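Only one structure is covered here, and it is reproduced in the block below.
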Amino acid sequence: VSLIFLGIIILLTLVRFFNEKNFKKVFYFANLCMLILMPIMWIKYGKRPSEYYFLVMYPIIHLVIIDSILSIKYSIKYGFITIFLCLFAFLNWNSVISSLKPNLYGLKAKENTVLELKKRVGNEAFNISFDGPPNTDTGFRYLLRYHGMISVDKPGIRHFEIRIPNEGLVPVGIYGIKLPEVKNN
């Protein structure tokens, strides 16, 4: 779907490039070069880049679409806009639906876990570890600092563990908090 969209944008840019003069022609040529070369560079060097590297393309894509729509005669323009929006909505329906679902591994779920941990720790020194898939601690360390909870790596202090899955633990969403064992004197 994204390759189809990129192809449409490149085609619109080509049309705009051949129909414009002076500055707009240079502008569309530069945009065309970027639209073609940027994905090629990522294919060769980046393997699988994050989407925020492509944010620089958003204003250019919007300008191309808007300028293309404005250049069409009024009688055709509204039909083109309707068809384009329907096609765009149809092609992106699955991503829209999936983006509306809550992220079980997201920062909100991690913050709920940290707040539950804060209730159990209080103001005492503690140590924490993480057990789960790679990068399970991503976001947790930030939230611990944000809520003023600093893990101390000293022997003899209470040790908590945050795990995925939460089986047999204090459950907080998909995460679980393993409480330290209470020592009997």
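The values are calculated or read from the model by the stated rules, or taken from the named source; none is laboratory data. As the structure is a prediction and not an experimental result, all values here were calculated from the model. Every residue, glycine among them, receives a Cβ derived from its backbone with ideal geometry; neighbour counts consider all protein chains shown.
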**Prompt:** Of all residues in segment 1-14 being surrounded by fewer than 14 Cβ atoms within 10 Å (Cβ to Cβ) and in contact (Cβ under 8 Å) with a residue 40 or more places away in the chain, which is nearest to SER95 (Cα to Cα)?
**Reply:** VAL1
**Residue match in segment 111-123 (condition: modelled with pLDDT under 85 and loosely packed, with under 10 Cβ neighbours inside 10 Å)** = yes
**Request:** Out of ARG120, ARG141, report the one residue that is out of contact with any Cys (no Cβ under 9 Å at 6 or more places or on another chain), basic (Lys, Arg) and more than 19 Å from PRO171 (Cβ to Cβ).
**Result:** ARG141
**Prompt:** What pairs come up if the first residue lies in segment 131-147 and is closer than 19 Å to HIS159 by Cα, the second is of a type in the set (S, T, N, Q) and crowded, with 16+ Cβ neighbours inside 10 Å, and their beta carbons are under 8 Å apart, counting only those six or more places apart or on different chains?
**Reply:** PHE140/THR113; LEU144/SER151
**Message:** Scan segment 136-154 and tell me whether some residue there is in a loop (DSSP other than H, G, I, E, B), within 19 Å of the chain's Cα centre (by Cα) and either exposed (fewer than 12 other Cβ atoms within 10 Å of the Cβ) or hydroxyl-bearing (Ser, Thr, Tyr) (or both).
**Reply:** yes
**Considering residues of segment 43-75 that are of a type in the set (A, V, I, L, M, F, W, C) and exposed (fewer than 10 other Cβ atoms within 10 Å of the Cβ) only, the residue modelled with the lowest pLDDT** = LEU70
**Item:** Yes/no for PHE126 being farther than 17 Å from GLY173 by Cα and in contact with a strand residue (DSSP E or B) (Cβ under 7 Å, 6 or more places away or on another chain)
**Value:** yes
